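Reviewing the structure listed below.
FYI, it's all coordinate maths here, none of it is from the lab. Given the structure is predicted, the values throughout are model-derived calculations rather than measurements. FYI the Cβ positions are ideal-geometry reconstructions off the backbone, even for glycines, and counts take in every protein chain you see.
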Amino acid sequence: MATYIVVFSGVLFLAVVGTPLARKLGLRFNAVDQPDPTRKVHTIPTPRLGGVAIFLSTLIATLLLGEQYKINQVAGILVGSTLVSMLGLWDDRFSLSPWLKLLGQFVAVGLLIVSGVSITSLRLPLLNYAATVLWVVGITNALNLLDNMDGLSGGIAAIAAGYFALMCNFTGQYLVGALSVAVMAACSGFLFYNWNPATIFMGDSGSLFLGFMLAAVGIKLRFPENVSFVTWMIPIIVLGVPVFDTTLVTISRLRRGLNPLTTPGVDHSSHRLTYVGLSRREAVLVLYCIAFILGLVALFITQASVLESYLMGGVVLLVGFYTLWRMERPPFWPPPQKDT
């Protein structure tokens, strides 16, 4: 626990100090997110290099703890997360093809697998590798898609990392827990400046990095007191908010004949909550509450029997399907017409 406190305090300080510097860099190098009423909700130009502060503060903590980790695995996580973050940084400044970013993510997952960070619960190695690619690429992009409202992606990532750290503490995975604490602290420090009204955005450099890190930590989680055909669902439930949001916009855009990967828009769960009368802050807080509840469900499953776990997982799935169906209908969607 002392290690957690030191890591959290140090990374929080680095993020709080580093984020204003990243904001200045964003303004200086014109890495600025311009308003666009058809696809964005902010109304003033806002720098989007906050991810640099998140990345560097987490990186420093990981390097300081690096000698205590399995060097090949920590190298795979760091090099892979650096690659996706740098691709995001390039996109924040110059714009990058979504397909090229996706290719870079596949390369980063390959580095993870080669370093020994891979799903191992399936019978065949090929299935484990495929599941690893699907999980890491999916969560990496889910956090990126979730970055659509002030404080949302950073706050959800902090909550998920906090639950991962708590689970690691219960199971004795203190080094993986310390990495989770570093991610939580970096997001918390960034949120000082990203809470509505935000003065800086994390950009793709931050959201892709956070998604990759959380996916890698989710793979590293171990629950020796339970069985793998129960515990596989734990990281999915902890990250249930970005998983749901990505599923929602993917299905919604496909229904409308749009490409879900290359079509931005104001059709995310956070936007739809504002269409029924919530403010942006309230919409974000509602999603925070859902993330907290899902984390509690995941904690329950870590100790539950097989029957209890699948009953709880089934309830979560049914609620998710119902909410998805409901959010595709008025008053959540389509958005209300503005008076002209």
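May I ask for the longest run of the chain untouched by GluC sites (Glu not before Pro) that are loop-located per DSSP and have at most 16 neighbouring C-beta atoms (other than their own) within 10 Å?
That would be 1-224.
Quick check on the exposure proxy: order TYR163, TYR288, TYR4, TYR322 from fewest to most C-beta atoms within 10 angstrom.
The fewest-first ordering by Cβ neighbours comes to TYR322, TYR288, TYR4, TYR163.
Using alpha-carbon positions, what is the distance between the centroids of segment 216-260 and segment 272-340, in Å?
Their Cα centres are 13 Å away from one another.
Mind pulling up the Rg/Rh value for segment 2-327? Radius of gyration and Kirkwood radius, both on Cα.
0.94
Find how much the distance from ARG281 to GLN303 grows on full extension, using 0.36 nm per residue of separation minus their present alpha carbon separation; answer in nm with one decimal.
Fully extending the segment from ARG281 to GLN303 adds 4.5 nm.
Test of understanding: ordering MET149, MET86, MET233 by Cβ neighbours within 10 Å, fewest first, what list do you get?
MET86, MET233, MET149
Under a Cβ-Cβ cut-off of 14 Å, what is the net charge of the residues other than PHE164 that fall near it, where Lys and Arg count +1 and Asp and Glu count -1?
Here the charged neighbours net out to +2.
Mind checking the log10 I(q)/I(0) for segment 128-239 at q = 0.12 Å⁻¹? Debye, one equal scatterer per Cα, no solvent, two decimals.
Debye output, listed in q order: -0.41.
Give the order of PHE229, PHE164, PHE244 when sorted by the count of other beta carbons within 10 angstrom, beginning with the fewest.
Starting with the residue having the fewest Cβ neighbours, the order is PHE229, PHE244, PHE164.
Above 25 angstrom, tally the Cα pairs of segment 225-340 and express them as a % of all pairs, no decimals.
Cα-Cα pairs of segment 225-340 separated by over 25 Å account for 32 percent.
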